[in-house]
Amino acid sequence: MPGDETITFTFVGDIMPAGYFSEQMDTLRDQWIPDEALQWFQSDVVFANLECVASNSGVPLSNKIVTYCFPEALEILKDIRVDVVNLANNHQMDYGIEASEHTRSYLDELNIAYGGVGRNIQEATSPVILERKGYKIGFLFHSWTNEFVEPVPAATSDTAGVAPLSVPEICDAICKLKLQGVDIVIVSLHWGEGKSHNVRPENIYEAHKIIDAGADIIVGHHAHCLQGYEVYKGKPIFYGLGNFFCSAYRKLSDKKLTYEKTGTYRYRFIRERKTVVVNITYSPENGYSFEYHPLYQLDNPPALTIPDNSIRNSICMMMEKLSRRIAHPDYGTRKFPLYRRMDELKRIWEDFKEVGIKLEYFHPRTPLRIMRKLLIGKSCHILLMSISLF
């Protein structure tokens, strides 16, 4: 790698400055993030996942939840000095390729790089290469498509969509970037178990394969809640950075984009209010090191806050606990199914408090199935462990 320079990165999770924030941005713009937190964004490269389209046109997909923000709301990305955003996710095609292209044109105006979506597979999988302090830094962006509960369009040779997540193809792309002289390869992956703090075992295996192929940093998103991290062969992997800033969006009966203040607000994306800002440093002498800084989101008005010591400590303890789980030799077999069912039970309780029992959110037999899995054939210490999880 070039020179003796130290280079720094900042990574955050999902950003969706939707309905509520978009409609009242003139009054909320100056208070959405505390000044104290801005010091964490004084890095050479700042990355985020944009979890919505920013457009006022397009035709909504009829078979899924759709999200959007007003185009001017993207200006908050400049508040935190964002250099590059991931668009390979399950919401970038919510209103079709036209709305996605509008989003990208607004990002161009803000001089923010992006990748992961396009009119064909060649465009969708094109890497972003930045140069900082003599380093060439390559970004690859990929997303699950058919693996989601609500499938999203995957780009092909002649159809528009997002860059699908294929580990062999990602590994091949990493090798090509390295041959082109790229010094640091960062892979952005939209994947994993939605609303779960626990990483799918197969994602751990896939991440290791990607690092083995030459990637230097992996950053994940989609779960809308924090997940664990690990350092594999000296390279940091953050499986899910959760929500960074997600404002409530309007649930419209026709799902049409509008500036009219109609419809009801939907808060499901921001139930998990705990988030972190990750700072990663690379130096030729010491390799990669990192630290993370907790933040906490409020609903009304939508804003990030510096948490008090008790919440800060709880976020840090949770991150470390989740990361220790990943490292446990039994995680992929016996432990992950138990943790996942506890997550599911928690989600059911949250849904019940918000909307009552509705079949579109979960099957009524689910709680009985979970209890059966927990009780039958499990020893007492497993039950005690499950009680301690939350």
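Data overview
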| item | result |
| --- | --- |
| Candidate aspartates and glutamates for bridging to K78, where Cα separation is under 18 Å - those fewer than 8 sequence places away on the same chain excluded | D14, D26, D30, D35, E36, D44, E51, D108, E109 |
| For Y114, distant residues with modelled amide H under 5 Å away | V85 |
| Entries of K133/K321; K64/K235; K209/K274; K251/K274; K176/K233; K64/K233 with Cα pairs more than 32 Å apart | K133/K321; K64/K235; K64/K233 |
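Coordinate-derived values only; no laboratory data. These numbers were taken from a predicted model, which means no experiment stands behind them.
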